[in-house]
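Single-structure report; data block below.
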Amino acid sequence: MTETRISFVLSENMLATGTALPMEMLRTAILANRRRGGDKRCVVKLSTTAEHRGSYNSTTGFRWQADRPLPQTDKSDIIYLPALWRNPRPTLRRSGALLEWLRDCHARGTTLCAVSTGVCFLAQAGLLEGKAATTHWHYFDQFERDYPKVDLKRQHFITKAGNIYCAASVNSLADLTVHFIHKLFNRTVATHVERHFSHEIRRPYESLAFYENLDHPHPDEQIVQVQSWLRQSYAQNLKMSQVAQHFDMSTRTLNRRFKEATGTTPLDYLRQVRINTAQELLKTSNLSIAEIAAQVGYMDTAYFTERFKEQLDITPSDYRATVRAKLFHTD
């Protein structure tokens with residue numbers, strides 16, 4: 001059994017949405033996985049934690065009660081840090097125990113995730129020095145003055161630096177949470193959650209994120225070149241034997257090295273690139289389903305529909321109707 005423990009930190013002056021939204025998304029994912037007969041060995045447990053016992057009031061008056069204090073929350077796999085209302089400095093000055101706890105968790109390899117001005121918890125703890133980060137746009141200048149050693153990425157809504165994730169806004173945090181759900185469960189569950197939480201503004205995590213060492217996410221540089229070539233050539237009628245020959249490898253060697261480097265096969269990677277591209281075309285173009293299928297490398301529309309539904313648990317036409325309903329709704 002694989003158990004993942006996710007802790008949501010409560011704090012004074014916190015914004016409720018930065019905690020409530022990802023918590024509800026994750027609870028929806030847990031229920032969806034259960035109802036769809038997903039892997040029962042995948043157990044995700046959610047809880048709240050805080051420096052002190054007692055209740056915490058959000059800026060809108062919601063009262064939160066921590067399930068357990070920090071000293072009893074030392075085995076988290078993922079930690080969510082909340083956004084703070086207005087100037088975070090006063091809260092940071094009173095959060096010494098939390099900052100020390102975050103340092104300990106980071107040292108143990110815990111994934112840390114902060115949203116908006118909640119990123120200041122990580123910066124104040126010294127965990128972002130020399131690393132990429134982002135925060136709410138209104139706080140950019142002050143953040144750079146307060147933390148000059150942090151590599152602030154103003155143009156990115158999400159950053160990843162090792163096991164630390166920063167989201168600039170609650171919407172970006174939702175994108176990041178969909179990414180986590182995909183990793184925790186599977187793409188079908190992630191898509192189910194995505195469609196039920198502001199699907200009309202969701203964008204893939206990969207298109208929003210800044211990665212450290214983006215050009216070399218794994219050490220096999222030739223496989224990096226294969227990935228890049230597949231992303232550029234997805235519309236062609238490709239066979240893996242042709243791909244292997246193009247890179248002077250046997251098909252067996254290509255499959256083995258690709259799987260070792262990326263965790264998936266080159267064929268599955270190609271299929272994912274095609275489906276991702278088809279999703280964008282369904283959202284943003286008026287091309288027919290057959291035209292979209294052809295543009296992403298499928299000459300057989302029925303086969304394209306079958307692959308799309310296998311990946312996303314919905315047909316291309318139903319997906320288009322769902323994601324465009326609010327975009328084109330008029331009173």
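How far is helix 170-184 tilted, in degrees, relative to the longest principal axis of the Cα atoms in the chain, given as a value from 0 to 90 rounded to the nearest 10?
60
Expressed as a rounded percentage, what relative contact order does segment 20-177 have, with Cα pairs under 8 Å and six or more residues apart?
Relative contact order for segment 20-177 comes out at 19 percent.
Pop out the ³J(HN,Hα) list for segment 86-94 in order, Karplus 6.51 cos²θ - 1.76 cosθ + 1.60 with θ = phi - 60°, rounded to Hz; leave Gly and Pro as x.
Whole-Hz 3J(HN,Hα) from phi for segment 86-94: 6, 5, x, 4, x, 5, 4, 5, 9.
Can I get the semi-axes of segment 85-147's equivalent ellipsoid? Compute them from the C-alpha gyration tensor as square roots of 5 times the eigenvalues, in angstrom, largest first.
Output for segment 85-147: semi-axes of 19, 14, 10 Å.
Could you please rank SER76, SER288, placing first whichever residue has the fewest other Cβ atoms within 10 Å of its Cβ?
Result, fewest neighbours first: SER288, SER76.
In segment 1-36, what trypsin sites (Lys or Arg not before Pro) fall in a loop by DSSP, with at most 16 other Cβ atoms inside 10 Å?
ARG36
So, in nm, how far is label ARG41 from label THR301 when the simple model puts each one 7 Å beyond its Cα toward the Cβ?
Placing both labels 7 Å along Cα→Cβ, they lie 4.2 nm apart.
Which entries in LYS239/LYS309; LYS75/LYS160; LYS149/LYS283; LYS160/LYS283 show an alpha-carbon gap greater than 29 Å?
From LYS239/LYS309; LYS75/LYS160; LYS149/LYS283; LYS160/LYS283, over 29 Å: LYS149/LYS283.
Let's see if you can work this out: charge +1 on each Lys and Arg Cβ, -1 on each Asp and Glu Cβ, no other charges. What is the dipole magnitude of the chain about its Cα centre, in debye to the nearest 20?
Using only the charged Cβ atoms, the result is roughly 640 debye.
Taking amide H positions as placed 1.01 Å from N in the peptide plane, with prolines and chain starts having none, which residues 5 or more places from ALA50, or on another chain, fall under 5 Å of its amide H?
Amide H to amide H, under 5 Å and 5 or more residues apart or across chains, ALA50 pairs with LEU10, ARG68, LEU70.
Rounded to the nearest 500 deg cm²/dmol, what is the calculated helix-only ellipticity per residue at 222 nm for the chain, with -39500 (n - 2.57) per DSSP H run of length n ≥ 4?
My calculation for the chain gives -14000 deg cm²/dmol from helical runs alone.
Take TRP229, TRP101 and order them by how many other Cβ atoms sit within 10 Å, fewest up front.
So the residues, fewest neighbours to most, are TRP229, TRP101.
Which ³J(HN,Hα) values in Hz, rounded to whole numbers, follow from the phi angles of segment 19-26 under the Karplus curve 6.51 cos²θ - 1.76 cosθ + 1.60, where θ = phi - 60° and Gly and Pro get x?
10, 5, 5, x, 5, 5, 5, 5
Put a dot 7 Å past each Cα toward the Cβ at ALA235 and ASP146; how far apart are the dots in nm?
Each label point is offset 7 Å from its Cα along the Cβ direction, giving 4.7 nm.
Using +1 at the Cβ of each Lys and Arg and -1 at the Cβ of each Asp and Glu in the chain, identify which of TYR147, LEU21, SER317 lies farthest towards the dipole's positive end.
Among TYR147, LEU21, SER317, the one farthest towards the positive end of the dipole of the chain is LEU21.
Which order do HIS182, HIS192 fall in if you start with the one that has the fewest other Cβ atoms within 10 Å?
HIS182, HIS192
Between HIS246 and LYS75, with labels modelled 7 Å along Cα→Cβ, what's the label distance in nm to one decimal, could you check?
4.8
Once you have all Cα-Cα distances for segment 2-211, histogram them in 5 Å bins from zero and send the whole-percent values.
Taking every Cα pair in segment 2-211, the percentages come to 1, 8, 16, 20, 21, 17, 11, 4, 1, 0, 0.
Whole-Hz Karplus ³J(HN,Hα) for segment 267-274, in order, using 6.51 cos²θ - 1.76 cosθ + 1.60 and θ = phi - 60°, x for Gly and Pro?
These are the phi-based 3J(HN,Hα) values: 5, 5, 4, 4, 4, 5, 4, 5 Hz.
Would you work out which of ILE164, VAL193, THR277 lies farthest towards the positive end of the dipole of the chain, given +1 charges on the beta-carbon of Lys and Arg and -1 on that of Asp and Glu, about the Cα centre?
VAL193
We did not get these values from a lab; they are worked out from the coordinates using the rules stated. Keep in mind it's a predicted model, so treat the numbers as computed, not measured. Note that we place each Cβ from the backbone using ideal geometry, even for glycine, and neighbour counts take in every protein chain shown.
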